[in-house]
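Visitor: Got a structure here, written out as C-alpha cells. Questions coming.
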2 protein chains.
Amino acid sequence: MSAITIKMLARELNLAISTVSRALMDSYEISAETKEKVHALARQLNYQPNHYASSLRRQRSKTIAVIIPEISNNFFSHVINGIEAIAQEKNYHVLIYFTHENQQKEAEVIQHLLSGRVDGILMSMAGNTSNIQHLHPIREQGIPIVFFDRICADLDAPTVTTDDFDSSLLATHHLMEVGCKKIAYLSISPHLSIDCKRMQGFQQAIATKNGNVASLLLPCSTDPQRNQELITNMLATEKPDGIFASVEKLAITSYHACASLGLAIPADVKILSFSNLETASLLNPALTTIIQPAHDMGKSAATVLFNMLEKRKTRNWERNTVIRSSMIIRRSTQIAR
Amino acid sequence: MSAITIKMLARELNLAISTVSRALMDSYEISAETKEKVHALARQLNYQPNHYASSLRRQRSKTIAVIIPEISNNFFSHVINGIEAIAQEKNYHVLIYFTHENQQKEAEVIQHLLSGRVDGILMSMAGNTSNIQHLHPIREQGIPIVFFDRICADLDAPTVTTDDFDSSLLATHHLMEVGCKKIAYLSISPHLSIDCKRMQGFQQAIATKNGNVASLLLPCSTDPQRNQELITNMLATEKPDGIFASVEKLAITSYHACASLGLAIPADVKILSFSNLETASLLNPALTTIIQPAHDMGKSAATVLFNMLEKRKTRNWERNTVIRSSMIIRRSTQIAR
DNA sequence: AAATTCTACGGAAACGTTTGCATAAAACAT
DNA sequence: ATGTTTTATGCAAACGTTTCCGTAGAATTT
C-alpha cells in the first residue's frame with residue numbers, strides 16, 4: 001500500500017528515527033548488528049527513501065537538467081545518450097526540457113530551475129535566443145552550468161564544443177577541390193555560436209581563393225516548409241554548384257529541393273553537411289558529412305558538470321573542451337565523370 | 001546568492017508565513033491588497049517556490065517519468081516530443097530513463113520510482129525483459145502507469161499502441177503482391193509485444209497463400225555488428241527475395257548487408273520496415289515504410305496518464321488506445337523491370 | 001577508585017512548504 | 001448594548017529526511 005518510511009522502520013525495531021537513518025547510510029557510529037537488523041527489515045519491506053524529503057534536507061537533489069532545443073535531431077539524441085550514461089554512473093537523475101528554439105520557453109525553464117530544483121544544468125541554446133538576460137540569475141545563484149555545442153559566449157561558464165571553424169574550413173576546401181565555383185552556405189540562425197563559427201570557417205576558406213570562388217549566404221528558418229521554398233528558389237535563381245549545409249536537416253531539405261528541380265547530385269550540385277545521420281551512407285547519393293562526436297560531447301559535458309558539483313576545481317582544460325569532428329567524404333561531393 | 005523563501009517574504013512584509021503562502025496561491029481568504037503586496041515583493045525578489053518542500057508537503061511532485069529502451073531511435077525521440085508537449089501544457093516535469101534494453105536496469109529504475117518520486121509513469125518495455133516481477137510493486141503502490149508501444153500484456157494498465165498486426169498483414173500482402181516468394185521476417189526480440197504482433201500479422205498473411213509463399217524467421221540481437229553477420233549470412237544461404245524488418249535499424253542493417261553481398265534492392269531482394277526514418281524517401285533505393293504515429297502516441301499516452309492523475313475515471317476508450325500506422329510504398333518494394 | 005574517553009544510541013531541530021485550527025477585529029443582527 | 005457571523009490573519013503541525021547535540025553505559029586511562 002502506501003510507501004513505507006524511516007519512522008515505520010524505527011517503530012517496528014524499537015529504535016530512534018535517527019538511528020535508523022544512520023544505519024541506512026552506514027554511519028560509523030552504529031553497531032554492526034543494529035545495521036544488520038535495519039537493513040534486513042528495510043529490504044524485507046522494500047523501503048525506498050523519499051527523494052523529496054531527502055533533497056529538502058540536504059540541499060541537493062542528485063538531479064540535473066538538460067535543456068535542449070529539440071529532440072527530433074540526431075545530434076541531440078546522441079548527446080542525451082552520452083549525458084545519461086554518465087548520470088547513471090553517478091546515480092544522478094535527468095530532467096529534460098525542450099525549448100523548441102524559443103527564447104521565451106528557454107527563459108521559463110530557467111526561471112523554474114532557479115528554485116534549487118536541480119544541482120546543475122547542461123544546456124544548448126535555442127536558435128532564436130538573441131539576448132541572455134534570462135541567463136544571468138543562473139550565475140547569480142551560483143548554479144553550476146555547462147554549455148555544449150550551442151554555447152553562450154557572453155556567459156562565463158565551461159563549454160564543450162566541436163571544432164566548428166576548422167571543420168568548416170576543411171569541408172569548404174574539399175568542396176573547392178572537387179571543383180565548386182559557387183558555393184552556398186545554408187545558415188540556421190545567426191544568433192547561434194555554431195552557425196557563426198561554421199560560417200567563419202566557410203568564409204575564410206572562400207577568401208583564400210581571392211575571388212575565384214563565389215559564395216552565397218542563405219539564412220534559413222526553423223520551418224521546413226519555408227526552407228524548402230527558400231532553397232529551391234535559391235537553387236533555381238542563383239544556380240550554385242555547391243551547398244554547405246550548416247545542419248543536418250538543411251541537407252535533407254536540399255536533397256528534396258534538388259529532386260523537385262531535377263538537379264543531379266553531385267553532377268549539378270555537390271552537397272555536404274554537418275550531420276549525425278546514421279543513414280548518410282545509404283542516401284541517394286551517399287552524403288558527405290562532418291560527423292560531430294555527439295555522444296562524446298554529451299559524456300564530456302556531463303563529466304565537467306559533475307566535477308563542478310563535486311567541487312573539484314575545474315581544471316583549465318575543462319573550461320573549454322573541444323572534441324574534433326571528422327569528415328567522411330561520400331558520393332554527394334564526388335567529381336562527376 | 002542563496003534562493004529566497006516564503007519565510008523571507010513574510011519577515012520583510014511583517015506577515016505570517018501562512019499568509020504569504022496563501023497569498024501566493026491566490027487563496028480567497030486573503031485580502032486583495034495583501035495579495036498585491038506579496039506578489040509585488042515576490043516578483044521583485046524573483047521568488048521561486050522550492051519544489052522539493054512543496055512536493056514533500058502535498059504528496060505529489062508534478063513530475064512524471066518516461067522509461068524507454070533508448071533514445072537513438074527515431075520512434076522514441078518522436079514519442080518523447082509528444083509526451084513533452086502535453087507535459088509542458090500541464091506544467092509537469094519529465095524525468096527520463098533509459099533501460100538500454102536491459103531488464104536489470106529497468107528493475108532498478110522502477111525500484112527507485114517507488115519512493116513517490118513521480119506522480120506517474122510512461123513506459124515502453126525493454127527488449128530482454130522476460131519476466132515482470134519488478135513491475136508488480138508499481139500496481140501495489142498504486143502509481144499510475146501507461147504503457148506505450150512495447151506494452152506489458154500481463155499487467156492491468158492502459159496502453160497506447162499502433163495497429164501492429166493489421167499493418168504487418170497489409171505489408172506482408174504487399175510484399176507478396178510485388179512477387180516475393182520467400183520472405184524473411186527479422187525479429188528483434190520474442191519478448192516484445194510489438195514483435196509478437198508483427199510476426200503474427202506476417203505469418204497470417206503468409207498462411208493465406210497456403211504454401212505458395214515460403215517464410216523465414218531470423219531472430220536478431222541488440223548488437224548491430226552481430227546482426228550484420230546474421231543477416232548477411234541469411235541472405236547468402238537462404239536467398240530470400242523479400243525482407244520484412246520489424247524495426248528500423250534492422251532495415252538499415254539489411255541495406256548494408258545487401259550492399260556487401262552485391263544484392264540489388266528491389267531487383268534481388270525487396271525490403272520494407274516499420275520505421276520513422278525521415279530520410280526513408282532519400283535512401284538508395286527509397287525505403288517502403290510503415291510509419292508509426294510516434295508523436296501522436298506520445299501525446300496520447302501522456303493524455304491518458306494525466307487523466308488518471310486528475311482522477312477522471314479512465315474512460316473505456318482510454319484503456320487501450322490504438323492509433324493506426326500508415327504504409328508508404330517506395331522503390332525498395334517495386335516490381336523490378 | 002576516580003577521571004576520562006569511546007561507543008552506540010536517542011531527542012529534537014531543521015529543510016521550505018501547505019493547511020487545519022484558532023482568533024482578533026470588523027460587520028451585522030437582535 | 002449584546003450576541004453572532006464574517007473577514008483576514010496568525011500559530012503550529014505536518015510531510016520524511018538528515019544532522020547537531022546530548023548522554024547513558026562501557027571501556028580505558030590516571
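Visitor: So the check is Cβ under 6 Å with 6+ separation or different chains; which pairs have a first residue in the range A:22-39 that's open to solvent by less than 40 Å² (accessible area, probe 1.4 Å) and a second one that's away from DNA strand D (no atom under 12 Å from the Cβ) and not charged (D, E, K, R)?
Guide: Pairs that qualify, where the first residue is open to solvent by less than 40 Å² (accessible area, probe 1.4 Å) and the partner is away from DNA strand D (no atom under 12 Å from the Cβ) and not charged (D, E, K, R), are A:Ala23/A:Thr34.
Visitor: For the range A:258-272, check the following and say yes or no: at least one residue is assigned to a loop (DSSP other than H, G, I, E, B) and of a type in the set (S, T, N, Q).
Guide: We begin by selecting, within the range A:258-272, every residue assigned to a loop (DSSP other than H, G, I, E, B); these are A:262-269.
Then drop every residue that is not of a type in the set (S, T, N, Q), which leaves none.
No.
Visitor: Another question, if that's okay. Could you list all residues from the range B:23-46 that are near DNA strand D (Cβ under 8 Å from one of its atoms) and closer than 26 Å to A:Pro137 by Cβ?
Guide: First, the residues of the range B:23-46 that are near DNA strand D (Cβ under 8 Å from one of its atoms): B:23, B:27-35.
Of everything in the range B:23-46, those that are near DNA strand D (Cβ under 8 Å from one of its atoms) and closer than 26 Å to A:Pro137 by Cβ turn out to be B:Ala23, B:Lys35.
Visitor: Hey, does the range B:248-264 have a residue that's of a type in the set (A, V, I, L, M, F, W, C) and closer than 30 Å to B:Asn91 by Cα?
Guide: Among the residues of the range B:248-264, not one is of a type in the set (A, V, I, L, M, F, W, C) and closer than 30 Å to B:Asn91 by Cα, which makes the answer no.
Visitor: A follow-up question, please. Take residues that are open to solvent by 50 Å² or more (accessible area, probe 1.4 Å) and within 14 Å of another protein chain (Cβ to nearest Cβ) and tell me which of the helices (runs of 4 or more DSSP H) falling wholly in the range B:91-206 contain 1 or more. Break it down into steps so the answer makes sense when it comes.
Guide: Values: elements: B:103-113, B:136-140, B:164-177.
Filter on the range B:91-206 gives B:103-113, B:136-140.
Conditions tested, residue by residue: (1) more than 37 Å from the chain's Cα centre (by Cα); (2) not in a helix (DSSP H, G or I).
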position	(1), (2)
A:Ile4	yes, yes
A:Ala10	yes, no
A:Ser21	yes, no
A:Ala53	no, no
A:Leu56	no, no
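Matching residues to (1) modelled with pLDDT under 95; (2) open to solvent by less than 20 Å² (accessible area, probe 1.4 Å); (3) not assigned by TED's automatic domain parsing to the domain that holds B:Lys90:
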| residue | (1), (2), (3) |
| --- | --- |
| B:Asn227 | no, yes, yes |
| B:Ala259 | no, no, yes |
| B:Leu272 | no, yes, yes |
| B:Ala280 | no, yes, yes |
| B:Leu305 | no, yes, no |
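Visitor: Right, something else. Of the conditions (1) under 19 Å from the mean Cα position of the chain (by Cα); (2) more than 9 Å from chain A (Cβ to nearest Cβ), B:Gln44 fails just one. Which one is it?
Guide: (1)
Visitor: Please state which one of A:Leu263, A:Leu169, A:Leu217 is in contact with a Phe, Trp or Tyr (Cβ under 6 Å, 6 or more places away or on another chain) and either hydrophobic (A, V, I, L, M, F, W, C) or closer than 20 Å to A:Leu287 by Cα (or both).
Guide: On the way: A:Leu263 fails: in contact with a Phe, Trp or Tyr (Cβ under 6 Å, 6 or more places away or on another chain); A:Leu169 fails: in contact with a Phe, Trp or Tyr (Cβ under 6 Å, 6 or more places away or on another chain).
Only one candidate passes the filter, namely A:Leu217.
Visitor: Among (1) within 15 Å of DNA strand C (Cβ to nearest atom); (2) in contact (Cβ under 8 Å) with a residue 40 or more places away in the chain, where does B:Asn81 come up short?
Guide: All conditions pass for B:Asn81, except number (1).
Visitor: Let me ask another. Would you mind telling me which numbered condition in (1) within 16 Å of DNA strand D (Cβ to nearest atom); (2) facing chain A (nearest Cβ under 10 Å); (3) open to solvent by less than 10 Å² (accessible area, probe 1.4 Å) B:Ala65 fails?
Guide: The single condition B:Ala65 does not satisfy is (1).
Visitor: Cβ-Cβ below 6 Å, separation at least six or inter-chain, first residue in the range B:96-112 and aliphatic (A, V, I, L, M), second assigned to a helix (DSSP H, G or I): which pairs?
Guide: Taking only residues 6 or more apart or on different chains, the pairs are B:Ala107/B:His134; B:Ile110/B:His134.
Visitor: Counting only residues that are basic (Lys, Arg) and free of Cβ contacts under 8 Å to residues at least 24 places away in the same chain, which one in the range B:46-62 is most open to solvent (accessible area, probe 1.4 Å)? Step through it out loud before you land on a result.
Guide: First, pick out the residues of the range B:46-62 that are basic (Lys, Arg): B:57-58, B:60, B:62.
From what is left, the residues that are free of Cβ contacts under 8 Å to residues at least 24 places away in the same chain are B:57-58.
Details: B:Arg57: 198, B:Arg58: 117 Å².
Going through the qualifying residues, I end up with B:Arg57.
Visitor: Hey, another quick one. State all residues of the range B:4-14 that are within 11 Å of DNA strand C (Cβ to nearest atom) and open to solvent by 40 Å² or more (accessible area, probe 1.4 Å); if no residue qualifies, say none.
Guide: Of the residues in the range B:4-14, the ones within 11 Å of DNA strand C (Cβ to nearest atom) are B:4-10.
Residues satisfying the conditions are B:Thr5, B:Lys7, B:Met8.
Visitor: When you check A:Ala336 against the structure, is it surrounded by fewer than 22 Cβ atoms within 10 Å (Cβ to Cβ) and in contact (Cβ under 8 Å) with a residue 12 or more places away in the chain, yes or no? Steps first, please.
Guide: Working: surrounded by fewer than 22 Cβ atoms within 10 Å (Cβ to Cβ): yes; in contact (Cβ under 8 Å) with a residue 12 or more places away in the chain: yes.
Answer is yes for this residue.
Visitor: Separate question: Which one of B:Thr303, B:Thr321 is in contact (Cβ under 8 Å) with a residue 12 or more places away in the chain, outside any helix (DSSP H, G or I) and either out of contact with any Gly (no Cβ under 6 Å at 6 or more places or on another chain) or within 25 Å of B:Val118 (Cα to Cα) (or both)? Quick ask: steps written out before the conclusion?
Guide: Details: B:Thr303 fails: outside any helix (DSSP H, G or I).
None of the others qualify; the one that does is B:Thr321.
Visitor: Against the condition open to solvent by 10 Å² or more (accessible area, probe 1.4 Å), more than 18 Å from the chain's Cα centre (by Cα) and not assigned by TED's automatic domain parsing to the domain that holds B:Thr208, how does B:Ile86 come out, does it pass? Lay out the reasoning, then the answer.
Guide: Details: open to solvent by 10 Å² or more (accessible area, probe 1.4 Å): yes; more than 18 Å from the chain's Cα centre (by Cα): no; not assigned by TED's automatic domain parsing to the domain that holds B:Thr208: yes.
In short, no.
Visitor: I'd like to check something: does the range B:232-255 contain any residue that is modelled with pLDDT of 95 or more, among the charged types (D, E, K, R) and in a strand (DSSP E or B)?
Guide: Checking the range B:232-255: not a single residue is modelled with pLDDT of 95 or more, among the charged types (D, E, K, R) and in a strand (DSSP E or B).
Visitor: Give just the number: which of (1) open to solvent by less than 20 Å² (accessible area, probe 1.4 Å); (2) of a type in the set (A, V, I, L, M, F, W, C); (3) at pLDDT below 95 does A:Ile80 not satisfy?
Guide: Among (1) open to solvent by less than 20 Å² (accessible area, probe 1.4 Å); (2) of a type in the set (A, V, I, L, M, F, W, C); (3) at pLDDT below 95, A:Ile80 violates only (3).
Visitor: Right, here's the next one. Would you point out the residue of the range B:148-163, among those that are touching a residue at least 40 places away in the same chain (Cβ under 8 Å) and of a type in the set (A, V, I, L, M, F, W, C), that is farthest from B:Ser193 (Cα to Cα)? Outline the logic, then answer.
Guide: Of the residues in the range B:148-163, the ones touching a residue at least 40 places away in the same chain (Cβ under 8 Å) are B:148-153, B:158-163.
Filter again for of a type in the set (A, V, I, L, M, F, W, C), leaving B:148, B:151-153, B:160.
Numbers: B:Phe148: 10, B:Ile151: 6, B:Cys152: 7, B:Ala153: 8, B:Val160: 12 Å.
Taking the candidates together, the pick is B:Val160.
Visitor: Test B:Pro219 against the stated conditions and say whether it is more than 14 Å from chain A (Cβ to nearest Cβ), open to solvent by 10 Å² or more (accessible area, probe 1.4 Å) and either under 28 Å from B:Gly82 (Cα atoms) or touching a Ser or Thr at 6+ places or on another chain (Cβ under 8 Å) (or both).
Guide: Values: more than 14 Å from chain A (Cβ to nearest Cβ): yes; open to solvent by 10 Å² or more (accessible area, probe 1.4 Å): yes; either under 28 Å from B:Gly82 (Cα atoms) or touching a Ser or Thr at 6+ places or on another chain (Cβ under 8 Å) (or both): yes.
It is true that B:Pro219 is more than 14 Å from chain A (Cβ to nearest Cβ), open to solvent by 10 Å² or more (accessible area, probe 1.4 Å) and either under 28 Å from B:Gly82 (Cα atoms) or touching a Ser or Thr at 6+ places or on another chain (Cβ under 8 Å) (or both).
Visitor: May I pose another question? Those residues that are within 20 Å of A:Val247 (Cα to Cα) and among the acidic types (Asp, Glu), I need them from the range A:134-163; list them, please.
Guide: Within the range A:134-163, A:Asp149, A:Asp163 meet the criteria.
Visitor: In addition: Has the range B:14-22 got any residue that is more than 11 Å from DNA strand D (Cβ to nearest atom) and of a type in the set (D, E, K, R)? Break it down into steps so the answer makes sense when it comes.
Guide: The first filter runs over the range B:14-22 and keeps only residues more than 11 Å from DNA strand D (Cβ to nearest atom), leaving none.
There is no residue in the range B:14-22 that is more than 11 Å from DNA strand D (Cβ to nearest atom) and of a type in the set (D, E, K, R).
The values are calculated or read from the model by the stated rules, or taken from the named source; none is laboratory data. All values derive from a computational prediction rather than experimental measurement. Every residue, glycine among them, receives a Cβ derived from its backbone with ideal geometry; neighbour counts consider all protein chains shown. Note: accessible area is taken over every heavy atom of the protein model, side chains too, but ligands, DNA and RNA are not part of it. Shrake-Rupley method; radii C 1.70, N 1.55, O 1.52, S 1.80 Å.
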